[in-house]
1. Test of understanding: among D:Gly112, D:Gly98, D:Gly120, D:Gly102, which residue is surrounded by 15 or more Cβ atoms within 10 Å (Cβ to Cβ) and outside any helix (DSSP H, G or I)?
2. Can you pull out every residue in segment B:63-111 that is of a type in the set (Ser, Thr, Tyr) and at pLDDT 90 or above?
3. Among the residues in segment C:92-112, are any more than 17 Å from the chain's Cα centre (by Cα) and over 30 Å from D:Arg24 (Cα atoms)?
4. Quickly run through segment A:49-66 and pick out the residues that are touching a Gly at 6+ places or on another chain (Cβ under 8 Å) and in contact (Cβ under 8 Å) with a residue 12 or more places away in the chain.
5. Which of the residues belonging to segment D:6-47 are touching a residue at least 24 places away in the same chain (Cβ under 8 Å) and among the aromatic types (Phe, Trp, Tyr)?
6. Cβ-Cβ below 9 Å, separation at least six or inter-chain, first residue in segment C:11-23 and among the hydroxyl-bearing types (Ser, Thr, Tyr), second part of a loop (DSSP other than H, G, I, E, B) and surrounded by 15 or more Cβ atoms within 10 Å (Cβ to Cβ): which pairs?
7. How many residues, within segment B:45-90, are small (Gly, Ala, Ser), under 18 Å from B:Asn32 (Cα atoms) and more than 7 Å from chain A (Cβ to nearest Cβ)?
8. Restricting attention to segment D:47-88, report how many residues are over 30 Å from D:Lys20 (Cα atoms) and surrounded by fewer than 21 Cβ atoms within 10 Å (Cβ to Cβ).
Amino acid sequence: MSVFIALLIFCTFLCLYRVGKGPTAPDRTVAIDILGTLVVGFAAIFSIITKKDIYMNIGISWALLSFIGTLALAKYLEGRGFDE
Amino acid sequence: MSESIGLGLLIVGIAFDVVGCIGLVRLPDIYNRLQAATKCVTLGTCMILLSVVFYTGIGPISSKAVLCIWFVLLTSPTGAHAIARAAHRSGIRLWEGSFMDKYAEDHEGTEDKV
Amino acid sequence: MKRFLHFLILLVVWVMLTWSVHWQDLLVGFVVALLAEIMLGDIFPTGVVKVFYPRRFFWLVVYSVDFFWYVILANFDVAYRVLNIYLPIRPGIVKVRTRLKTDMARTFLANSITLTPGTLCVDFVGDHIYVHWINITSEDPEEETELIVRKFEKLLERIFE
Amino acid sequence: MHDIEKEIRESKSGMTMIVKTIVRFAMGIIILFGAYIVLYGHLTPGGGFAGGVILACGYIILTLAFGKDIALRKLSDQGASIMDNSGALAFIVIGLLGYTGGYFFLNFIDHGKRFELFSGGIIPLCNIAIALKVTASLFAIFIALAIFGKFISGLVEEEE
(Lines give C-alpha, C1' and ligand atoms only; values in the text may rest on other atoms or scores of the structure.)
Protein backbone atom coordinates (compact mmCIF):
# COMPACT_ATOMS: atom_id res chain seq x y z
CA MET A 1 0.00 0.00 0.00
CA SER A 2 2.86 2.41 0.75
CA VAL A 3 3.89 2.23 -2.92
CA PHE A 4 0.45 3.50 -3.98
CA ILE A 5 0.56 6.32 -1.46
CA ALA A 6 4.03 7.28 -2.72
CA LEU A 7 2.73 7.37 -6.32
CA LEU A 8 -0.20 9.58 -5.28
CA ILE A 9 2.21 11.93 -3.47
CA PHE A 10 4.22 12.07 -6.72
CA CYS A 11 1.00 13.12 -8.54
CA THR A 12 0.42 15.77 -5.88
CA PHE A 13 3.87 17.22 -6.48
CA LEU A 14 3.21 17.34 -10.25
CA CYS A 15 0.04 19.34 -9.50
CA LEU A 16 1.94 21.62 -7.13
CA TYR A 17 4.52 22.23 -9.86
CA ARG A 18 1.70 23.40 -12.13
CA VAL A 19 0.27 25.57 -9.34
CA GLY A 20 3.64 27.23 -8.87
CA LYS A 21 4.64 27.63 -12.50
CA GLY A 22 1.34 27.94 -14.37
CA PRO A 23 1.70 31.01 -16.57
CA THR A 24 -1.92 32.14 -16.15
CA ALA A 25 -4.54 32.06 -13.42
CA PRO A 26 -6.77 29.39 -15.06
CA ASP A 27 -3.81 26.97 -15.14
CA ARG A 28 -3.53 27.25 -11.39
CA THR A 29 -7.29 26.76 -11.03
CA VAL A 30 -7.15 23.53 -13.03
CA ALA A 31 -4.30 22.22 -10.88
CA ILE A 32 -6.21 22.98 -7.67
CA ASP A 33 -9.32 21.26 -9.02
CA ILE A 34 -7.29 18.13 -9.83
CA LEU A 35 -5.62 18.28 -6.39
CA GLY A 36 -9.07 18.14 -4.79
CA THR A 37 -9.95 14.97 -6.70
CA LEU A 38 -6.62 13.37 -5.74
CA VAL A 39 -7.36 13.92 -2.04
CA VAL A 40 -10.51 11.80 -2.47
CA GLY A 41 -8.22 9.01 -3.71
CA PHE A 42 -6.04 9.42 -0.61
CA ALA A 43 -9.09 9.11 1.64
CA ALA A 44 -10.17 5.94 -0.19
CA ILE A 45 -6.75 4.30 0.24
CA PHE A 46 -6.69 5.17 3.96
CA SER A 47 -10.13 3.62 4.37
CA ILE A 48 -8.81 0.40 2.75
CA ILE A 49 -5.85 0.30 5.16
CA THR A 50 -7.73 1.06 8.38
CA LYS A 51 -11.15 -0.48 7.47
CA LYS A 52 -12.90 2.54 9.03
CA ASP A 53 -15.74 4.41 7.32
CA ILE A 54 -14.83 7.86 8.66
CA TYR A 55 -12.33 8.34 5.85
CA MET A 56 -15.12 8.04 3.29
CA ASN A 57 -16.94 10.88 5.08
CA ILE A 58 -13.82 12.96 4.55
CA GLY A 59 -13.78 11.94 0.88
CA ILE A 60 -17.39 12.97 0.23
CA SER A 61 -17.03 16.31 1.99
CA TRP A 62 -13.74 17.02 0.20
CA ALA A 63 -15.34 16.33 -3.19
CA LEU A 64 -18.13 18.76 -2.27
CA LEU A 65 -15.82 21.52 -1.04
CA SER A 66 -13.54 21.25 -4.08
CA PHE A 67 -16.61 21.59 -6.34
CA ILE A 68 -17.54 24.81 -4.54
CA GLY A 69 -13.99 26.11 -4.87
CA THR A 70 -13.94 25.38 -8.58
CA LEU A 71 -17.26 27.14 -9.20
CA ALA A 72 -16.21 30.19 -7.18
CA LEU A 73 -12.85 30.47 -8.95
CA ALA A 74 -14.51 30.06 -12.35
CA LYS A 75 -16.93 32.84 -11.53
CA TYR A 76 -14.07 35.05 -10.35
CA LEU A 77 -12.13 34.40 -13.58
CA GLU A 78 -15.13 35.45 -15.65
CA GLY A 79 -14.92 38.80 -13.88
CA ARG A 80 -18.36 38.78 -12.27
CA GLY A 81 -19.46 39.30 -8.69
CA PHE A 82 -20.20 36.23 -6.60
CA ASP A 83 -23.86 37.08 -6.15
CA GLU A 84 -25.04 37.88 -9.67
CA MET B 1 -10.58 -13.48 -5.12
CA SER B 2 -12.28 -10.15 -4.51
CA GLU B 3 -9.08 -8.78 -2.95
CA SER B 4 -7.08 -9.51 -6.09
CA ILE B 5 -9.73 -7.76 -8.22
CA GLY B 6 -9.49 -4.81 -5.83
CA LEU B 7 -5.70 -4.78 -6.11
CA GLY B 8 -5.92 -4.80 -9.92
CA LEU B 9 -8.39 -1.91 -9.94
CA LEU B 10 -6.19 0.02 -7.52
CA ILE B 11 -3.10 -0.40 -9.74
CA VAL B 12 -4.98 0.63 -12.90
CA GLY B 13 -6.58 3.60 -11.15
CA ILE B 14 -3.31 4.96 -9.81
CA ALA B 15 -1.64 4.44 -13.20
CA PHE B 16 -4.37 6.61 -14.77
CA ASP B 17 -3.90 9.23 -12.04
CA VAL B 18 -0.17 9.41 -12.79
CA VAL B 19 -0.82 9.69 -16.55
CA GLY B 20 -3.31 12.50 -15.96
CA CYS B 21 -0.87 14.46 -13.81
CA ILE B 22 1.94 13.98 -16.36
CA GLY B 23 -0.47 15.34 -18.96
CA LEU B 24 -1.14 18.31 -16.69
CA VAL B 25 2.58 19.12 -16.77
CA ARG B 26 3.44 18.25 -20.39
CA LEU B 27 0.63 19.55 -22.59
CA PRO B 28 0.97 23.05 -24.02
CA ASP B 29 -2.14 25.09 -23.13
CA ILE B 30 -4.93 25.17 -20.58
CA TYR B 31 -7.63 23.48 -22.65
CA ASN B 32 -5.45 20.47 -23.48
CA ARG B 33 -4.36 20.20 -19.85
CA LEU B 34 -7.95 20.32 -18.74
CA GLN B 35 -8.86 17.51 -21.13
CA ALA B 36 -6.10 15.14 -20.04
CA ALA B 37 -6.33 15.87 -16.34
CA THR B 38 -10.13 15.73 -16.03
CA LYS B 39 -10.58 12.47 -17.94
CA CYS B 40 -7.74 10.54 -16.37
CA VAL B 41 -8.05 11.72 -12.78
CA THR B 42 -11.84 11.23 -12.72
CA LEU B 43 -11.63 7.65 -13.96
CA GLY B 44 -8.58 6.94 -11.77
CA THR B 45 -10.28 8.14 -8.60
CA CYS B 46 -13.47 6.27 -9.46
CA MET B 47 -11.44 3.07 -9.89
CA ILE B 48 -9.73 3.56 -6.51
CA LEU B 49 -13.16 4.02 -4.91
CA LEU B 50 -14.44 0.91 -6.71
CA SER B 51 -11.51 -1.06 -5.35
CA VAL B 52 -12.65 0.00 -1.86
CA VAL B 53 -15.94 -1.80 -2.63
CA PHE B 54 -14.07 -4.97 -3.62
CA TYR B 55 -11.68 -4.86 -0.67
CA THR B 56 -14.19 -4.36 2.13
CA GLY B 57 -17.26 -6.17 0.81
CA ILE B 58 -20.82 -4.93 1.23
CA GLY B 59 -21.09 -2.68 4.27
CA PRO B 60 -20.98 0.93 5.47
CA ILE B 61 -17.66 1.72 3.79
CA SER B 62 -18.63 0.49 0.34
CA SER B 63 -22.03 2.20 0.38
CA LYS B 64 -20.29 5.51 1.08
CA ALA B 65 -17.76 4.73 -1.64
CA VAL B 66 -20.61 4.27 -4.14
CA LEU B 67 -22.07 7.64 -3.11
CA CYS B 68 -18.64 9.21 -3.56
CA ILE B 69 -18.25 7.70 -7.06
CA TRP B 70 -21.62 9.15 -8.02
CA PHE B 71 -20.68 12.58 -6.67
CA VAL B 72 -17.25 12.69 -8.38
CA LEU B 73 -18.73 11.57 -11.72
CA LEU B 74 -21.38 14.29 -11.50
CA THR B 75 -19.24 17.23 -10.38
CA SER B 76 -15.87 16.72 -12.06
CA PRO B 77 -16.91 17.30 -15.73
CA THR B 78 -19.11 20.20 -14.61
CA GLY B 79 -16.15 21.89 -12.95
CA ALA B 80 -14.04 21.34 -16.07
CA HIS B 81 -16.73 22.94 -18.23
CA ALA B 82 -16.99 25.94 -15.88
CA ILE B 83 -13.22 26.49 -15.89
CA ALA B 84 -12.93 26.15 -19.68
CA ARG B 85 -15.71 28.67 -20.31
CA ALA B 86 -14.34 31.11 -17.76
CA ALA B 87 -10.81 30.83 -19.18
CA HIS B 88 -12.02 31.54 -22.71
CA ARG B 89 -14.09 34.48 -21.54
CA SER B 90 -11.24 35.91 -19.49
CA GLY B 91 -9.26 36.20 -22.71
CA ILE B 92 -6.92 33.18 -22.69
CA ARG B 93 -6.18 32.33 -26.34
CA LEU B 94 -5.58 28.84 -27.65
CA TRP B 95 -2.07 27.44 -28.17
CA GLU B 96 -0.42 28.88 -31.30
CA GLY B 97 -0.29 25.41 -32.91
CA SER B 98 -4.09 25.20 -32.73
CA PHE B 99 -6.11 24.55 -35.81
CA MET B 100 -9.26 26.64 -35.52
CA ASP B 101 -11.24 28.57 -32.93
CA LYS B 102 -14.92 28.83 -33.86
CA TYR B 103 -15.84 30.20 -30.43
CA ALA B 104 -13.62 33.27 -30.77
CA GLU B 105 -14.77 33.79 -34.40
CA ASP B 106 -18.44 33.71 -33.46
CA HIS B 107 -18.01 36.13 -30.58
CA GLU B 108 -15.70 38.55 -32.41
CA GLY B 109 -16.73 42.12 -31.72
CA THR B 110 -19.90 41.25 -29.82
CA GLU B 111 -20.74 42.45 -26.35
CA ASP B 112 -20.57 38.86 -25.11
CA LYS B 113 -16.79 38.73 -25.47
CA VAL B 114 -15.16 40.06 -22.32
CA MET C 1 -45.01 12.85 -8.24
CA LYS C 2 -41.72 14.71 -8.62
CA ARG C 3 -41.58 15.66 -4.97
CA PHE C 4 -42.42 12.15 -3.79
CA LEU C 5 -39.63 10.77 -5.97
CA HIS C 6 -37.20 13.33 -4.57
CA PHE C 7 -38.19 12.30 -1.04
CA LEU C 8 -37.62 8.61 -1.86
CA ILE C 9 -34.19 9.32 -3.36
CA LEU C 10 -33.19 11.27 -0.25
CA LEU C 11 -34.39 8.46 2.03
CA VAL C 12 -32.35 5.88 0.06
CA VAL C 13 -29.27 8.12 0.28
CA TRP C 14 -29.80 8.45 4.04
CA VAL C 15 -29.95 4.66 4.45
CA MET C 16 -26.77 4.34 2.37
CA LEU C 17 -25.02 6.93 4.56
CA THR C 18 -25.94 5.39 7.91
CA TRP C 19 -26.14 1.75 6.78
CA SER C 20 -28.55 0.78 9.51
CA VAL C 21 -32.26 -0.06 9.63
CA HIS C 22 -32.66 0.61 13.35
CA TRP C 23 -35.90 2.48 14.05
CA GLN C 24 -34.09 5.51 15.52
CA ASP C 25 -31.96 6.02 12.40
CA LEU C 26 -34.97 5.57 10.12
CA LEU C 27 -37.10 8.01 12.15
CA VAL C 28 -34.43 10.74 12.05
CA GLY C 29 -33.85 10.04 8.35
CA PHE C 30 -37.57 10.41 7.65
CA VAL C 31 -37.70 13.79 9.42
CA VAL C 32 -34.50 15.11 7.77
CA ALA C 33 -35.52 13.97 4.28
CA LEU C 34 -38.95 15.56 4.75
CA LEU C 35 -37.40 18.88 5.82
CA ALA C 36 -34.94 18.86 2.90
CA GLU C 37 -37.78 18.03 0.51
CA ILE C 38 -39.93 20.91 1.78
CA MET C 39 -37.02 23.33 1.45
CA LEU C 40 -35.58 22.24 -1.90
CA GLY C 41 -38.17 20.05 -3.62
CA ASP C 42 -39.29 22.75 -6.05
CA ILE C 43 -35.87 23.18 -7.70
CA PHE C 44 -35.38 19.46 -8.32
CA PRO C 45 -35.42 18.91 -12.12
CA THR C 46 -38.64 17.41 -13.50
CA GLY C 47 -36.88 15.35 -16.16
CA VAL C 48 -35.63 12.81 -13.61
CA VAL C 49 -39.13 11.35 -13.20
CA LYS C 50 -39.07 10.06 -16.78
CA VAL C 51 -36.04 7.85 -16.12
CA PHE C 52 -38.05 5.55 -13.85
CA TYR C 53 -40.39 4.29 -16.58
CA PRO C 54 -39.27 0.69 -17.32
CA ARG C 55 -38.48 1.15 -21.02
CA ARG C 56 -36.46 4.33 -20.44
CA PHE C 57 -34.66 2.67 -17.54
CA PHE C 58 -33.58 -0.15 -19.86
CA TRP C 59 -32.10 2.39 -22.27
CA LEU C 60 -30.35 4.08 -19.32
CA VAL C 61 -28.59 0.79 -18.53
CA VAL C 62 -27.58 0.41 -22.20
CA TYR C 63 -26.33 4.01 -22.18
CA SER C 64 -24.29 3.43 -19.01
CA VAL C 65 -22.47 0.45 -20.51
CA ASP C 66 -21.84 2.34 -23.76
CA PHE C 67 -20.62 5.39 -21.84
CA PHE C 68 -18.29 3.33 -19.66
CA TRP C 69 -16.72 1.77 -22.77
CA TYR C 70 -16.08 5.23 -24.25
CA VAL C 71 -14.56 6.47 -20.96
CA ILE C 72 -12.05 3.59 -20.92
CA LEU C 73 -11.25 4.30 -24.58
CA ALA C 74 -10.76 7.99 -23.78
CA ASN C 75 -8.26 7.23 -21.05
CA PHE C 76 -6.11 5.02 -23.28
CA ASP C 77 -6.31 7.75 -25.94
CA VAL C 78 -5.04 10.37 -23.48
CA ALA C 79 -2.31 8.02 -22.25
CA TYR C 80 -1.16 7.48 -25.85
CA ARG C 81 -1.02 11.21 -26.55
CA VAL C 82 0.66 12.19 -23.28
CA LEU C 83 3.33 9.48 -23.16
CA ASN C 84 4.29 9.85 -26.85
CA ILE C 85 7.49 11.89 -27.26
CA TYR C 86 6.18 13.91 -30.22
CA LEU C 87 2.81 14.92 -28.65
CA PRO C 88 0.52 14.02 -31.59
CA ILE C 89 -2.11 16.73 -30.98
CA ARG C 90 -3.95 19.07 -33.34
CA PRO C 91 -6.28 21.05 -31.09
CA GLY C 92 -9.05 23.53 -31.86
CA ILE C 93 -12.59 24.54 -30.98
CA VAL C 94 -15.36 23.34 -33.29
CA LYS C 95 -19.08 24.04 -33.32
CA VAL C 96 -21.62 21.23 -33.45
CA ARG C 97 -25.39 21.17 -33.43
CA THR C 98 -27.66 19.07 -31.25
CA ARG C 99 -31.34 18.25 -31.60
CA LEU C 100 -31.95 17.54 -27.89
CA LYS C 101 -34.36 19.94 -26.19
CA THR C 102 -34.73 19.23 -22.46
CA ASP C 103 -32.30 20.48 -19.82
CA MET C 104 -31.48 17.06 -18.36
CA ALA C 105 -30.67 15.55 -21.76
CA ARG C 106 -28.44 18.48 -22.69
CA THR C 107 -26.61 18.36 -19.36
CA PHE C 108 -25.94 14.65 -19.68
CA LEU C 109 -24.81 15.16 -23.29
CA ALA C 110 -22.34 17.88 -22.27
CA ASN C 111 -20.89 15.85 -19.40
CA SER C 112 -20.62 12.77 -21.63
CA ILE C 113 -18.78 14.82 -24.25
CA THR C 114 -16.35 16.01 -21.59
CA LEU C 115 -15.52 12.49 -20.44
CA THR C 116 -15.18 10.80 -23.85
CA PRO C 117 -12.19 10.61 -26.22
CA GLY C 118 -10.50 13.88 -27.04
CA THR C 119 -13.40 16.29 -26.55
CA LEU C 120 -14.28 18.95 -23.94
CA CYS C 121 -17.52 20.93 -23.84
CA VAL C 122 -16.70 24.66 -23.62
CA ASP C 123 -20.04 26.41 -24.00
CA PHE C 124 -23.69 25.85 -24.87
CA VAL C 125 -25.35 28.61 -26.91
CA GLY C 126 -28.87 27.93 -28.20
CA ASP C 127 -28.77 24.62 -30.06
CA HIS C 128 -25.03 24.74 -30.65
CA ILE C 129 -22.25 23.29 -28.53
CA TYR C 130 -18.71 24.61 -28.75
CA VAL C 131 -16.39 21.63 -28.31
CA HIS C 132 -12.65 21.73 -27.77
CA TRP C 133 -11.23 18.81 -29.77
CA ILE C 134 -7.69 17.61 -29.12
CA ASN C 135 -7.17 16.02 -32.54
CA ILE C 136 -9.27 17.53 -35.34
CA THR C 137 -9.81 15.06 -38.18
CA SER C 138 -12.32 16.92 -40.34
CA GLU C 139 -13.45 20.47 -41.08
CA ASP C 140 -16.97 19.74 -42.18
CA PRO C 141 -19.55 20.64 -39.49
CA GLU C 142 -21.86 17.77 -40.46
CA GLU C 143 -19.11 15.23 -40.13
CA GLU C 144 -17.99 16.69 -36.82
CA THR C 145 -21.53 16.47 -35.50
CA GLU C 146 -21.70 12.88 -36.70
CA LEU C 147 -18.45 12.00 -34.91
CA ILE C 148 -18.96 13.80 -31.60
CA VAL C 149 -22.65 14.05 -30.81
CA ARG C 150 -24.66 11.39 -32.64
CA LYS C 151 -23.45 8.35 -30.73
CA PHE C 152 -24.92 9.68 -27.46
CA GLU C 153 -27.81 11.62 -28.92
CA LYS C 154 -29.70 8.56 -30.14
CA LEU C 155 -29.70 6.94 -26.71
CA LEU C 156 -30.29 10.14 -24.73
CA GLU C 157 -33.29 10.93 -26.92
CA ARG C 158 -34.85 7.63 -25.90
CA ILE C 159 -34.10 8.23 -22.20
CA PHE C 160 -35.03 11.86 -21.50
CA GLU C 161 -37.31 13.16 -24.28
CA MET D 1 -48.59 28.36 -8.52
CA HIS D 2 -45.30 30.14 -8.91
CA ASP D 3 -43.19 28.32 -11.53
CA ILE D 4 -39.62 28.42 -10.27
CA GLU D 5 -38.27 26.13 -13.02
CA LYS D 6 -39.28 28.51 -15.78
CA GLU D 7 -37.79 31.41 -13.85
CA ILE D 8 -34.46 29.60 -13.41
CA ARG D 9 -34.32 28.76 -17.12
CA GLU D 10 -35.04 32.31 -18.24
CA SER D 11 -32.93 34.26 -15.75
CA LYS D 12 -29.66 35.64 -17.08
CA SER D 13 -27.89 35.69 -13.73
CA GLY D 14 -25.85 32.81 -12.44
CA MET D 15 -23.79 30.30 -14.37
CA THR D 16 -24.57 28.18 -17.45
CA MET D 17 -27.47 25.76 -17.80
CA ILE D 18 -25.22 22.73 -17.21
CA VAL D 19 -24.01 23.95 -13.82
CA LYS D 20 -27.55 24.93 -12.86
CA THR D 21 -28.99 21.49 -13.66
CA ILE D 22 -26.22 19.66 -11.79
CA VAL D 23 -26.68 21.90 -8.73
CA ARG D 24 -30.45 21.36 -8.79
CA PHE D 25 -29.83 17.63 -8.95
CA ALA D 26 -27.20 17.45 -6.17
CA MET D 27 -28.56 20.06 -3.77
CA GLY D 28 -30.77 17.77 -1.67
CA ILE D 29 -27.95 15.31 -1.17
CA ILE D 30 -25.56 18.03 0.01
CA ILE D 31 -28.08 19.18 2.62
CA LEU D 32 -28.68 15.56 3.68
CA PHE D 33 -24.95 14.98 4.09
CA GLY D 34 -24.58 18.09 6.24
CA ALA D 35 -27.47 16.96 8.43
CA TYR D 36 -25.83 13.52 8.76
CA ILE D 37 -22.57 15.08 9.97
CA VAL D 38 -24.47 17.21 12.51
CA LEU D 39 -26.78 14.51 13.90
CA TYR D 40 -24.12 11.80 14.21
CA GLY D 41 -21.60 14.20 15.76
CA HIS D 42 -21.53 12.29 19.07
CA LEU D 43 -20.85 8.91 17.37
CA THR D 44 -18.50 9.74 14.49
CA PRO D 45 -16.07 12.62 13.80
CA GLY D 46 -17.82 15.80 12.84
CA GLY D 47 -20.35 17.71 14.90
CA GLY D 48 -22.03 21.06 14.93
CA PHE D 49 -19.34 23.22 13.38
CA ALA D 50 -18.27 20.84 10.57
CA GLY D 51 -21.83 20.02 9.61
CA GLY D 52 -22.82 23.67 9.77
CA VAL D 53 -20.03 24.56 7.36
CA ILE D 54 -21.28 21.93 4.89
CA LEU D 55 -24.86 23.21 5.18
CA ALA D 56 -23.67 26.78 4.61
CA CYS D 57 -21.65 25.61 1.59
CA GLY D 58 -24.87 24.19 0.15
CA TYR D 59 -26.47 27.63 0.27
CA ILE D 60 -23.29 29.23 -1.11
CA ILE D 61 -23.48 26.85 -4.11
CA LEU D 62 -27.08 28.00 -4.66
CA THR D 63 -25.94 31.63 -4.66
CA LEU D 64 -23.06 30.94 -7.05
CA ALA D 65 -25.14 28.93 -9.51
CA PHE D 66 -28.47 30.82 -9.58
CA GLY D 67 -27.66 34.33 -8.46
CA LYS D 68 -28.78 36.25 -5.41
CA ASP D 69 -32.51 36.46 -6.07
CA ILE D 70 -33.36 32.75 -6.02
CA ALA D 71 -30.90 31.90 -3.24
CA LEU D 72 -32.28 34.60 -0.95
CA ARG D 73 -35.76 33.19 -1.53
CA LYS D 74 -34.60 29.86 -0.05
CA LEU D 75 -32.90 31.52 2.95
CA SER D 76 -33.50 35.26 3.19
CA ASP D 77 -31.25 37.60 5.13
CA GLN D 78 -33.90 38.12 7.81
CA GLY D 79 -34.33 34.35 7.99
CA ALA D 80 -30.58 33.92 8.39
CA SER D 81 -30.57 36.49 11.18
CA ILE D 82 -33.42 34.74 13.00
CA MET D 83 -31.69 31.35 12.61
CA ASP D 84 -28.43 32.81 13.92
CA ASN D 85 -29.99 34.29 17.04
CA SER D 86 -32.24 31.31 17.77
CA GLY D 87 -29.22 28.98 17.56
CA ALA D 88 -27.33 31.00 20.17
CA LEU D 89 -30.45 31.27 22.34
CA ALA D 90 -31.12 27.52 22.16
CA PHE D 91 -27.55 26.78 23.26
CA ILE D 92 -27.92 29.02 26.33
CA VAL D 93 -31.35 27.58 27.16
CA ILE D 94 -29.99 24.01 27.01
CA GLY D 95 -27.24 25.07 29.40
CA LEU D 96 -29.67 26.76 31.80
CA LEU D 97 -32.05 23.76 31.79
CA GLY D 98 -29.26 21.86 33.51
CA TYR D 99 -30.17 23.79 36.68
CA THR D 100 -33.24 21.54 36.95
CA GLY D 101 -30.80 18.93 38.24
CA GLY D 102 -28.50 21.35 39.97
CA TYR D 103 -25.65 22.20 37.58
CA PHE D 104 -25.03 24.40 34.51
CA PHE D 105 -24.94 22.11 31.40
CA LEU D 106 -26.03 19.06 33.37
CA ASN D 107 -26.78 16.15 31.01
CA PHE D 108 -30.35 15.70 32.21
CA ILE D 109 -31.77 13.55 29.38
CA ASP D 110 -31.73 9.74 29.56
CA HIS D 111 -28.46 8.41 28.06
CA GLY D 112 -29.96 5.39 26.30
CA LYS D 113 -27.96 2.40 25.06
CA ARG D 114 -24.38 2.82 23.87
CA PHE D 115 -23.71 3.30 20.12
CA GLU D 116 -27.35 3.91 19.26
CA LEU D 117 -28.43 7.22 17.83
CA PHE D 118 -30.36 8.54 20.86
CA SER D 119 -27.55 8.03 23.35
CA GLY D 120 -25.86 11.38 23.85
CA GLY D 121 -28.27 13.14 26.18
CA ILE D 122 -28.07 16.87 25.47
CA ILE D 123 -24.98 16.68 23.21
CA PRO D 124 -26.95 16.19 19.91
CA LEU D 125 -29.20 19.10 20.88
CA CYS D 126 -26.14 21.31 21.46
CA ASN D 127 -24.78 20.17 18.08
CA ILE D 128 -28.01 21.18 16.36
CA ALA D 129 -27.94 24.61 18.03
CA ILE D 130 -24.31 25.17 16.97
CA ALA D 131 -25.12 24.02 13.43
CA LEU D 132 -27.99 26.53 13.14
CA LYS D 133 -25.73 29.34 14.30
CA VAL D 134 -22.80 28.42 12.03
CA THR D 135 -24.97 27.91 8.93
CA ALA D 136 -26.71 31.24 9.25
CA SER D 137 -23.56 33.17 10.17
CA LEU D 138 -21.42 31.82 7.31
CA PHE D 139 -24.17 32.42 4.76
CA ALA D 140 -24.68 35.97 6.04
CA ILE D 141 -20.91 36.63 5.93
CA PHE D 142 -20.72 35.38 2.32
CA ILE D 143 -23.62 37.58 1.18
CA ALA D 144 -22.24 40.60 3.03
CA LEU D 145 -18.75 40.16 1.55
CA ALA D 146 -20.13 39.77 -1.98
CA ILE D 147 -22.18 42.99 -1.69
CA PHE D 148 -19.34 44.87 0.05
CA GLY D 149 -16.82 43.81 -2.64
CA LYS D 150 -19.07 45.24 -5.34
CA PHE D 151 -19.43 48.46 -3.35
CA ILE D 152 -15.62 48.80 -3.03
CA SER D 153 -14.98 48.14 -6.74
CA GLY D 154 -17.67 50.73 -7.57
CA LEU D 155 -15.83 53.31 -5.45
CA VAL D 156 -12.50 52.50 -7.16
CA GLU D 157 -14.05 52.91 -10.62
CA GLU D 158 -15.52 56.27 -9.64
CA GLU D 159 -12.15 57.57 -8.51
CA GLU D 160 -10.55 56.56 -11.79
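The values are calculated or read from the model by the stated rules, or taken from the named source; none is laboratory data. For clarity, every value in this text was computed on a predicted model and none was experimentally measured. Methodologically, a virtual Cβ is constructed for each residue, glycine included, from the backbone with ideal geometry; neighbour enumeration extends over all protein chains shown.
1. D:Gly120
2. Result: B:Ser63, B:Thr75, B:Ser76, B:Thr78.
3. Yes; the residues of segment C:92-112 include at least one that is more than 17 Å from the chain's Cα centre (by Cα) and over 30 Å from D:Arg24 (Cα atoms).
4. A:Trp62, A:Ala63, A:Leu65, A:Ser66 - these are the residues of segment A:49-66 that are touching a Gly at 6+ places or on another chain (Cβ under 8 Å) and in contact (Cβ under 8 Å) with a residue 12 or more places away in the chain.
5. Passing the criteria: only D:Tyr40.
6. C:Thr18/D:Tyr40; C:Thr18/D:Leu117; C:Ser20/D:Leu117
7. The number of residues fulfilling the criteria is 2.
8. So the count comes out to 3.
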